[in-house]
Amino acid sequence: MEKILVIGAGGQLGSELTQALANQFGGEQVIATDLRDSARSAFDFCRFQTLDVMNKEALRDLVKEEKVTQIYHLAAVLSATGEKNPLFAWHLNMDSLLYVLELAKEQKLDKIYWPSSIAVFGPNTPKFNTPQFCVKEPNTVYGISKQAGERWCEYYFEKHGVDVRSLRYPGLIGYKSLPGGGTTDYAVDIYHKAIANEKFNCFLREDSYLPMMYMPDAIKATLDLMNAPRESVKIRSSYNLAGMSFSPKEIFESIKKHVPDFQIEFNPDFRQAIADSWPDSIDDSRAREDWGWQPDYDLDGMTTDILKNLPSYFPPKNTLI
Ligand code: AKB
């Protein structure tokens, strides 16, 4: 019987992935953990415990007491926040991964999931249809920690047989939770402004293309990878993964089809340089070949779904319900 531990469950990805894991394994088999006790109320469908992943003794105790078999380690400082406190971001992102990998080796855990990101790529990476294997040279602390993390994952697989699996997520867009501290987060905020009938102030240029993915596709990819037979998972650093690519202007136009009066202005800030260092689009053919990856959503399909569902999760401020 699998026992699943999700670290950083209260985050944008964690809140939806934990629900999907509870659906697959049963709520009693899933322990959601987060640094903040306030996250507890979102996890009435599974078990919840507060956990600071930097407290490696507490982590080890929990894994041993609960006979955990799989860890999904989602806690991280993202790209924009990471630049404000680089040493803290490095410390948190790197040390926590090493604690989890060591624990997996020591306790002979079945599987580990750890998210990587398109942030592993940098200004010298081919920008279009970025290949799985190419020059990386990331220039954000988040990207550097993800690249180093990928090397550690592969190392623990090769040297210690730890079954660690990973995806290089594009910008993730969902309506059920708020993101925190990423460069791609404008593509979440813009929907909130649209349903509130407010003008959107975009921190990227109108033509700044980035790889993106709708959350249901990200959840599907994660479960598909984790449920794939061990021998099908041939890449143990992290898989390139693609859903769609668009610019701020294109997402604005997609929303305008539903909200004709919606307005936008562009005021690029320090996050523009981060976006400029990342690819426009990603070649994910290895994920398609090795474990059958196929996205379901394009930009307009995502926009329609978000605008239909977002108001019930985050009612716009100026609407009485
Ligand atoms: C970020 O913008 O930092 C993240 C990412 C692309 O990993 N969404």
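Percent relative contact order of the stretch 107-187, based on C-alpha pairs within less than 8 angstrom and at least six residues apart?
In percent, rounded to a whole number, it is 36.
For residue 2 and residue 23, compute 0.36 nm times the residue count separating them, minus their Cα-Cα distance, and round to one decimal in nm.
6.2 nm
Can you list the residues of the stretch 180-206 with backbone N under 18 Å from a point 7 Å past the Cα of residue 88, pointing along Cα to Cβ?
180-183
Considering only DSSP states other than H, G, I, E and B, which GluC sites (Glu not before Pro) in the stretch 161-264 qualify as loop sites with at most 14 other Cβ atoms within 10 Å?
Numbers: sites: 198, 206, 231, 250, 253; in loops: 198, 206.
In loop regions of the stretch 161-264 (DSSP not H, G, I, E or B), the sparsely surrounded GluC sites (Glu not before Pro) are 198, 206.
To make sure I understand, if each residue's beta carbon is the centre and we count other beta carbons within 10 Å, what order do 135, 120, 53 fall in, fewest to most?
Ranking 135, 120, 53 by Cβ neighbours within 10 Å, fewest first, gives 135, 53, 120.
So, in nm, how far is label residue 257 from label residue 65 when the simple model puts each one 7 Å beyond its Cα toward the Cβ?
5.1 nm
Run the numbers for residue 189 and residue 273: contour at 0.36 nm per residue of separation, minus the present Cα-Cα distance, in nm.
Contour length minus the Cα-Cα distance gives 28.3 nm.
Sum up the charges of everything whose Cβ sits under 9 Å from the Cβ of residue 147, counting Lys and Arg as +1 and Asp and Glu as -1, but leave residue 147 out.
+1
Sequence gap at least 6, Cα distance under 8 Å: using those rules, report the relative contact order of the chain to the nearest whole percent. Numbers along the way, then the final one.
Working: 629 pairs, mean separation 58.1, N = 321.
The value is 18 percent.
Neighbouring Cβ atoms within 10 Å as the yardstick, rank 270, 48, 203, 121 fewest first.
Lowest to highest Cβ neighbour count: 270, 203, 48, 121.
Once you put a point 7 Å from the Cα of residue 199 and another 7 Å from the Cα of residue 52, both along the Cβ direction, what distance in nm separates them?
4.4 nm
Can you put 278, 291 in order, fewest other beta carbons within 10 Å first?
Ordered by Cβ neighbours within 10 Å, fewest first: 291, 278.
Report, ordered by chain and residue number, the aspartates and glutamates lying within cross-link reach of residue 56, taken as a straight Cα distance under 17 Å and ignoring same-chain residues fewer than 8 apart.
34, 65, 66, 95, 102, 106
Lysines within cross-link reach of residue 257: Cα-Cα under 24 Å, excluding same-chain residues under 8 positions apart?
176, 193, 199, 249, 308, 317
Restricting to Cα pairs below 8 Å that are 6+ residues apart, what does the relative contact order work out to for the stretch 1-141? Please round to a whole percent.
22 percent
Read the figures in this text as sums done on the coordinates, not as results from a lab. Predicted model, so just to flag it, every value in this text is computed and none were measured. When we count neighbours, we look across all protein chains shown, and the Cβ atoms used for this are built from the backbone with ideal geometry, even at glycine.
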